[in-house]
1. Could you tell me whether A91 is open to solvent by less than 90 Å² (accessible area, probe 1.4 Å) and in contact with a Ser or Thr (Cβ under 9 Å, 6 or more places away or on another chain)?
2. Could you check, for region 70-85, whether at least one of its residues is of a type in the set (D, E, K, R) and open to solvent by less than 60 Å² (accessible area, probe 1.4 Å)?
3. Condition first: modelled with pLDDT of 85 or more and open to solvent by less than 60 Å² (accessible area, probe 1.4 Å). Now tell me which residues in region 353-367 satisfy that.
4. If E106 meets every condition in (1) open to solvent by 70 Å² or more (accessible area, probe 1.4 Å); (2) acidic (D, E); (3) not in a helix (DSSP H, G or I) apart from one, which number is that one?
5. Would you be able to tell me the number of residues in region 17-51 that are out of contact with any Leu (no Cβ under 8 Å at 6 or more places or on another chain) and outside any helix (DSSP H, G or I)?
6. Could you tell me which numbered condition K387 fails, if it satisfies all but one of (1) open to solvent by 80 Å² or more (accessible area, probe 1.4 Å); (2) modelled with pLDDT of 80 or more?
7. For region 57-70, indicate whether the set of residues that are assigned to a helix (DSSP H, G or I), of a type in the set (S, T, Y) and touching a residue at least 12 places away in the same chain (Cβ under 8 Å) is non-empty.
8. Look at region 15-66 and say how many of its residues are modelled with pLDDT of 95 or more, exposed (fewer than 14 other Cβ atoms within 10 Å of the Cβ) and either in contact with a Ser or Thr (Cβ under 7 Å, 6 or more places away or on another chain) or under 18 Å from A175 (Cα atoms) (or both).
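The values are calculated or read from the model by the stated rules, or taken from the named source; none is laboratory data. Predicted model only: the values in this text are computed from it and were never measured. Virtual Cβ from ideal backbone geometry, glycine too; neighbours counted across all protein chains shown. Side chains are part of the model used for accessible areas, which takes the heavy atoms of the whole protein and leaves out ligands, DNA and RNA. Shrake-Rupley method; radii C 1.70, N 1.55, O 1.52, S 1.80 Å.
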Amino acid sequence: MAMAKYDLTPRIAPNLDRHLVFPLLEFTQERELYPNDQILKAKIELLNNTNMVDYAMDIHKSLYHTDDVPQDMVDRRVEVVARLKSLEEAAAPLVTFLQNPSAVQELRADKQYNLQMLNDRYQIGPEQIEALYQYAKFQFECGNYSGAADYLYQYRALCTNAERSLSALWGKLAAEILMQNWEIALEELNRLKEIIDSKVNFASSLNQVQSRIWLMHWSLFIFFNHDNGRTQIIDLFNQDKYLNAIQTNAPHLLRYLATAFIVNKKRRPLFKEFIKVIQQEQHSFADPITEFLACVYVNFDFDGAQKKMKECEDVILNDPFLGKRVEESNYTVVPLKDEFLENARLFIFETYCRIHERIDMGVLAEKLNLNYEDAERWILNLIRTSKLDAKIDTQTGTVVMEPNHPNVYEQLIDHTKGLSGRTYKLVNQLLEHTQAQTAR
């Protein structure tokens, strides 16, 4: 329970649909970060505003060690069953149509045509389409995420109300996440991002920023389970608008962006700019993972970095997104911790070597939190794999760094890349300004 001080669930939960909070509570319960009774009470509180009454009854029995449940839960269950039947009947004409393959073939890409056709041939009008949305939403609240996802998808194909269609897309995304359909969830996430960034559906920029914050929190489920997620989280979170939203409203998300940068070598060219963000935020948000980067790249405090590595290991193991992921539809612990520690040692080593030309192996082993033999083996492996331009002097027990003169051609490429990135940002800002002026 000592690790609860690093738990971000209290910060993350307000930015999630309540159904998405359940996996986090399950994880914290497994890790015993809080007293069991406290977690069970939190689950019941979450369930109060859902239709998952049977689940709430089971938790109540477990919490209070009884087979009896309060009468209000029994009454609530009766209400839910009656309401479900009523919604099912209201949506039945449209559901029957959608379950008929030959009838569905009559639909076209033109929504107005579809609405007219449904009304003329099947007597299905706006009331039945609205009933499908309500039925899908109710199914979601009952925990039937598969049925909800199907109906919300079909509803969006017929819906002409932009606001209601956006609400259905959020619901569809939540359902796919809860079913662990990561590929489909990623598609819905990108679709939602496109709508959020278009500025069409928001009354104010504040609402748009809040939507970006929600999107980033929901995306954590996907990015730390999808095969390419550790790259895609950098591509999303590191965009100016999203990074600004993090810095002003959700600095705790820096933990996940920092972790992605540490374990991901594909986006290393962007790493230097991210360190500037860490430097800016090191006094407003304290987290072992961001503090580790500050120790290595801002303060050059290698002893502090070595101590932070142990804290980082604990943080990763006890974080619901970093500590476990889904592979082949089964929960398994992946070696993200090992990958993190390996790259963290490399970060310390690379930075330390830039400062020193000859390094004592004993001192280096201590900085890397390894024994002497393991440190020597680790450095030899780096030399063999061309990750390190150095040699080991066995007589003096030191690592001797080879002079590393910067290649002019490589410097030119780096500067060109930076110029290209700044040009791209400038063009985007000009386009957005032009679009805003046109909208007015």
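1. No, not satisfied.
2. Looking through region 70-85, none of the residues is of a type in the set (D, E, K, R) and open to solvent by less than 60 Å² (accessible area, probe 1.4 Å).
3. I359, M361, G362, V363, L364, A365
4. Against the list (1) open to solvent by 70 Å² or more (accessible area, probe 1.4 Å); (2) acidic (D, E); (3) not in a helix (DSSP H, G or I), E106 comes up short only on (1).
5. Result for region 17-51: 8.
6. Tallying (1) open to solvent by 80 Å² or more (accessible area, probe 1.4 Å); (2) modelled with pLDDT of 80 or more, K387 fails exactly one: (2).
7. Scanning region 57-70, I find at least one residue that is assigned to a helix (DSSP H, G or I), of a type in the set (S, T, Y) and touching a residue at least 12 places away in the same chain (Cβ under 8 Å), so the answer is yes.
8. Of the residues in that region, 0 qualify.
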